[in-house]
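The values are calculated or read from the model by the stated rules, or taken from the named source; none is laboratory data. The structure displayed is predicted, hence computed values, not measured ones. Virtual Cβ from ideal backbone geometry, glycine too; neighbours counted across all protein chains shown.
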Amino acid sequence: MSNINYSPGIQNSPFGLLNANPEGSFYSGDSAFSPLETDLIQKAIRYQIFDAAPAQYNALKVLFSKPYKEYGATEFEYKEKTFGRSPIEANAITAAQAAVPGNFVTQTITLTAASVQYVTVDLIIVYPDGTKGVVTSIVGNDITVNSITNFGLPAVAVGDEFPVMSTIRGDGMNTFSNYERLEVITRYNYIQHFLRARRWDRLEHQTYVNQGTTSYMNDDKEEKMKQLRVDLFNTMWNGERGEYEIANGYVARAMGGIFPTMVNAGAANVTTTTAGFKASFENTAFATAFKQEGGTRFIYGTDQQLNLFSEIYKQPGLIYEGNDEVAKLRLKKVELGSQNFVLVPTELWREESCFEASWANRLIILDQETVSPVKMKGIPALEMGQTDNMNKGTREDYIDWWCRAQLSLEFNNPVSSFSMNVI
């Protein structure tokens, strides 16, 4: 066939930049232009695929800075011993008893059924106004209280709480009156398993290996790993302990995450406006300060919420120096009295594909030392691999590449942490 004759510069010429478009060109595919395509030109495709997904994983790094605890089964329990004493609460009105010079006065107080178990005879209790009395008998939910000699006893209202100050014993007594047993709380959780996979037919896979124009093959594998980490992140914070019946009749156990565990344990949850934020934060922080002097808690929240601390406390330059892994993150901290609070940006809480909208306005102030990741003994926390294909002696003419993980949470004393919703 002879060469094509054409006149350069003439409209509708088959040559020139207008028609210098590779196959699949977006320009040539636009009906408004409709130029020609040619297979003599290769598409200009950037090899590296840009990652537009959220990249804020600092919170995950901090949570997993502690080593995993291991258990031999997918269900585990752990015990907590309580503080060993609780206030007692009145459940009825009681009249005041005036002082009698040279003698004591007696008063009968009706307690709630829940609090009567926390009192024995010969315990000194403290009234809300500071008056002291000693318990001399217990009948049902009623306790008899004697005053100090020469003192009276004040009136009691429903809901009044009485701290337990101490025991008291007289010389020559031949009985014990203060018997008690250590009370423990049992908590439990399940180990959850996670998996993500991709499948390639054998010839399809080899075609992409031979003719691929971008980093798609590697990026596709890395994306599975990233999404698995996001699965762990989401579940660590928001997982609900329980059982799911999943596809094909299988049953799977799900772990309880940090926030649902706090809610179930009765940890403080405060809703406040930005105007009342400082007072709400400080009141709740002091009320839940169970750590030793100088102890550190971690504040997780979005950048927008954490910015409140910089605006209020004017300490943007203080850097927390934790262990080697956490120190690399250069996290800022706030000092409040003898307490330290480390700010941990948690931007994925704003991602609507991961968390409900309320998480964008949430702060979780976490006693990090009470939280530990958990795994099953003998199985890696994270593993990956691929199945064999026909080339390895199986019937399957495809390759499944997979990555899987396991995770649970041991969370002691959740009430030493608290959450805030800022509106």
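I need the strands (runs of 3 or more DSSP E) fully contained in the range 74-131, keeping only those with at least 2 residues that are more than 44 Å from the chain's Cα centre (by Cα), among the hydroxyl-bearing types (Ser, Thr, Tyr) and in the same structural domain as residue 175 (by TED's automatic domain parsing). Break it down stepwise before answering.
Working: elements: 75-81, 106-110, 123-126.
Counting at least 2 such residues, we get 106-110.
In contact with a Pro (Cβ under 8 Å, 6 or more places away or on another chain) and acidic (Asp, Glu): is that true of residue 245 in this structure? If you could, list the steps in order and put the result at the bottom.
Details: in contact with a Pro (Cβ under 8 Å, 6 or more places away or on another chain): no; acidic (Asp, Glu): yes.
The answer is no for residue 245.
Which residue, of 320, 313, is hydroxyl-bearing (Ser, Thr, Tyr), at pLDDT below 85, surrounded by fewer than 19 Cβ atoms within 10 Å (Cβ to Cβ) and in contact with a strand residue (DSSP E or B) (Cβ under 8 Å, 6 or more places away or on another chain)? Write out each step before concluding.
Numbers: 320 fails: surrounded by fewer than 19 Cβ atoms within 10 Å (Cβ to Cβ).
Going through 320, 313 in turn, just one is hydroxyl-bearing (Ser, Thr, Tyr), at pLDDT below 85, surrounded by fewer than 19 Cβ atoms within 10 Å (Cβ to Cβ) and in contact with a strand residue (DSSP E or B) (Cβ under 8 Å, 6 or more places away or on another chain): 313.
This table checks each residue for (1) part of a strand (DSSP E or B); (2) buried (at least 19 other Cβ atoms within 10 Å of the Cβ).
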site	(1), (2)
354	no, no
365	yes, yes
388	no, no
391	no, no
400	yes, no
403	yes, yes
410	yes, yes
415	no, no
421	yes, no
| note | the range 231-283: strands (runs of 3 or more DSSP E) wholly inside it with 1 or more residues that are of a type in the set (A, V, I, L, M, F, W, C) and loosely packed, with under 12 Cβ neighbours inside 10 Å are 251-254
| remark: When the range 190-225 is checked residue by residue, the ones that are farther than 30 Å from residue 393 by Cβ, buried (at least 17 other Cβ atoms within 10 Å of the Cβ) and not aromatic (Phe, Trp, Tyr) are 191, 192
| query | In the set 214, 235, 207, 186, which member is assigned by TED's automatic domain parsing to the domain that holds residue 288, touching a Lys or Arg at 6+ places or on another chain (Cβ under 8 Å) and either at pLDDT 85 or above or more than 30 Å from residue 88 (Cβ to Cβ) (or both)? | reply | 214
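Taking the condition of a type outside the set (Phe, Trp, Tyr), assigned to a helix (DSSP H, G or I) and at pLDDT below 95, does residue 369 pass?
Working: of a type outside the set (Phe, Trp, Tyr): yes; assigned to a helix (DSSP H, G or I): yes; at pLDDT below 95: yes.
Yes, satisfied.
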| query | Does the range 170-216 hold any residues that are in a loop (DSSP other than H, G, I, E, B), in contact (Cβ under 8 Å) with a residue 12 or more places away in the chain and within 30 Å of residue 80 (Cα to Cα), and which are they? | reply | 177, 178, 179, 180, 182, 183, 191
| message | Looking at the range 392-421, I want the residues that are within 20 Å of residue 230 (Cα to Cα) and have a partner that is among the small types (Gly, Ala, Ser) and not in a loop (DSSP other than H, G, I, E, B) with Cβ atoms under 6 Å, at least 6 apart or on another chain. Which pairs are those? | response | 402/197; 410/372
| message | Quick check on my filter: what residues within the range 139-169 are under 30 Å from residue 80 (Cα atoms), in a loop (DSSP other than H, G, I, E, B) and aliphatic (A, V, I, L, M)? | response | 168
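Please go through the range 384-395 and pick out each residue that is closer than 24 Å to residue 406 by Cα and either outside the structural domain of residue 254 (by TED's automatic domain parsing) or in contact with a strand residue (DSSP E or B) (Cβ under 6 Å, 6 or more places away or on another chain) (or both).
To start, the set of residues in the range 384-395 that are closer than 24 Å to residue 406 by Cα comprises 384-388.
If the condition is that a residue be closer than 24 Å to residue 406 by Cα and either outside the structural domain of residue 254 (by TED's automatic domain parsing) or in contact with a strand residue (DSSP E or B) (Cβ under 6 Å, 6 or more places away or on another chain) (or both), then 384, 386, 387 are the ones that fit.
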| query | Across the range 86-116, what is the number of residues that are under 30 Å from residue 410 (Cα atoms) and surrounded by 13 or more Cβ atoms within 10 Å (Cβ to Cβ)? | reply | 3
